[in-house]
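Participant: One structure, as structure tokens, below. Some questions next.
The values are calculated or read from the model by the stated rules, or taken from the named source; none is laboratory data. Keep in mind that this is a model prediction, so the values were computed, not measured. We place every Cβ from the backbone using ideal geometry, glycine too, and count neighbours over all the protein chains shown.
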Amino acid sequence: MQTVLPAFDSAYWQGRYAAGRDGWDAHAVTPPLRAYFDQLAVAGQPRILVPGAGRAYEAEHLHRLGFGQVFVADLAPEPLQALAARVPDFPAEHLLLADFFALPNVEPYDLIVEQTFFCALNPALRPAYARQCAALLRPGGTLMGLLFDTDFGPAQEPPFGGSKEEYRSYFAPYFDFRHFETAANSLQPRQGRELFICLKKK
């Protein structure tokens, strides 16, 4: 019989933050994402979304590089409040207390950043995640970030693992694969267990 997972809703995530059960939090932007961001052109001010952002060190780094159209979305208020406290000049209207799957496609994004959001979702939502990323991006837009390429074993709550082959099946209908390989510069505890992805919307 298939295990029914609980709802990983706003109350669930707020509770994990309150209890200090946030082992995914690296307390800084991770090296693979930093290296990618540091070579991006600020000119043109691309619209960037960090969904399931957590404490959003990625958004902080992009903001400090001069990117002014960075948006973060999370179900729980605590991590958004943490970002606002660390970066007082981050635009309050870019802090979206919202469900990623309900975000409106009013103005498409140029870039979506994936960092420990995919692994936090109920695995049944993975096809919908790929579809929503494509819906929110402009044609030719980029989905980039990191995915855990490892088996965490049977789990009743996040993080949930998976494989390169599994992930490819979700993204292939919507994206061309520019980079989909083991990250060369992961944090030490994650070395050899992360895929760096850079996908272009078809």
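Participant: Give the residue that is surrounded by the fewest Cβ atoms within 10 Å (Cβ to Cβ), with candidates limited to residues of the range 51-67 that are among the charged types (D, E, K, R) and modelled with pLDDT of 95 or more. Can you show your working first?
Facilitator: Taking the range 51-67 first, the residues among the charged types (D, E, K, R) are 55, 58, 60, 64.
Now restrict to residues that are modelled with pLDDT of 95 or more: 58, 60, 64.
Values: GLU58: 25, GLU60: 20, ARG64: 13.
Of everything passing the filter in the range 51-67, ARG64 is surrounded by the fewest Cβ atoms within 10 Å (Cβ to Cβ).
Participant: Is there any pair with a first residue in the range 146-169 that is closer than 19 Å to CYS133 by Cα and in contact (Cβ under 8 Å) with a residue 60 or more places away in the chain and a second that is surrounded by 13 or more Cβ atoms within 10 Å (Cβ to Cβ) and small (Gly, Ala, Ser) whose Cβ atoms are under 9 Å apart and which are 6 or more apart or on different chains, and what are they?
Facilitator: Between residues of the range 146-169 that are closer than 19 Å to CYS133 by Cα and in contact (Cβ under 8 Å) with a residue 60 or more places away in the chain and residues that are surrounded by 13 or more Cβ atoms within 10 Å (Cβ to Cβ) and small (Gly, Ala, Ser), the close pairs are LEU146/ALA183; LEU146/SER186.
Participant: Also, I was wondering about something else. Looking at the range 77-98, is at least one residue under 28 Å from ARG131 (Cβ atoms), at pLDDT below 95, part of a loop (DSSP other than H, G, I, E, B) and in contact with a Ser or Thr (Cβ under 9 Å, 6 or more places away or on another chain)?
Facilitator: Looking through the range 77-98, none of the residues is under 28 Å from ARG131 (Cβ atoms), at pLDDT below 95, part of a loop (DSSP other than H, G, I, E, B) and in contact with a Ser or Thr (Cβ under 9 Å, 6 or more places away or on another chain).
Participant: Then there's this: Does the range 28-36 include one or more residues that are of a type in the set (Val, Ile, Thr), modelled with pLDDT under 90 and in a loop (DSSP other than H, G, I, E, B)? Don't jump to the end; show me each part of the working.
Facilitator: We begin by selecting, within the range 28-36, every residue of a type in the set (Val, Ile, Thr); these are 29-30.
Now drop any that are not modelled with pLDDT under 90, which leaves none.
Scanning the range 28-36, I find no residue that is of a type in the set (Val, Ile, Thr), modelled with pLDDT under 90 and in a loop (DSSP other than H, G, I, E, B), so the answer is no.
Yes/no matrix, rows are residues, columns are (1) assigned to a helix (DSSP H, G or I); (2) more than 16 Å from ILE197 (Cβ to Cβ):
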| residue | (1), (2) |
| --- | --- |
| LEU111 | no, no |
| GLU114 | no, no |
| CYS119 | yes, no |
| LEU125 | yes, yes |
| ALA135 | yes, yes |
| LEU143 | no, no |
| THR150 | no, no |
| PRO154 | no, yes |
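Participant: Moving to a separate point now. So which pairs qualify, if the first residue must be in the range 128-140 and more than 7 Å from LYS201 (Cα to Cα), the second must be assigned to a helix (DSSP H, G or I), the Cβ gap must be under 7 Å, and the two must be at least 6 apart or on different chains?
Facilitator: Final answer for the pair search is ALA128/PHE101; TYR129/PHE118; ALA130/TYR170; ALA130/PHE171; GLN132/PHE100; GLN132/PHE101.
Participant: If you don't mind, there's one more thing I want to ask. I'm checking my understanding of the structure. Among residues of the range 156-171 that are assigned to a loop (DSSP other than H, G, I, E, B) and farther than 20 Å from PRO51 by Cα, which one is farthest from the chain's Cα centre (by Cα)?
Facilitator: Taking the range 156-171 first, the residues assigned to a loop (DSSP other than H, G, I, E, B) are 156-163.
Now narrow it down to the ones that are farther than 20 Å from PRO51 by Cα: 156, 163.
On the way: GLN156: 21, SER163: 17 Å.
Ranking the candidates gives GLN156 first.
Participant: Can SER169 be described as surrounded by 13 or more Cβ atoms within 10 Å (Cβ to Cβ) and of a type in the set (S, T, N, Q)? Even if it seems obvious, please write down each step before you answer.
Facilitator: Details: surrounded by 13 or more Cβ atoms within 10 Å (Cβ to Cβ): no; of a type in the set (S, T, N, Q): yes.
So SER169 does not fit the description; no.
Participant: Taking VAL72 and the conditions (1) modelled with pLDDT of 95 or more; (2) assigned to a loop (DSSP other than H, G, I, E, B); (3) crowded, with 19+ Cβ neighbours inside 10 Å; (4) not aromatic (Phe, Trp, Tyr), which numbered condition does it fall short on, given that it satisfies the others?
Facilitator: So VAL72 meets the others, but not (2).
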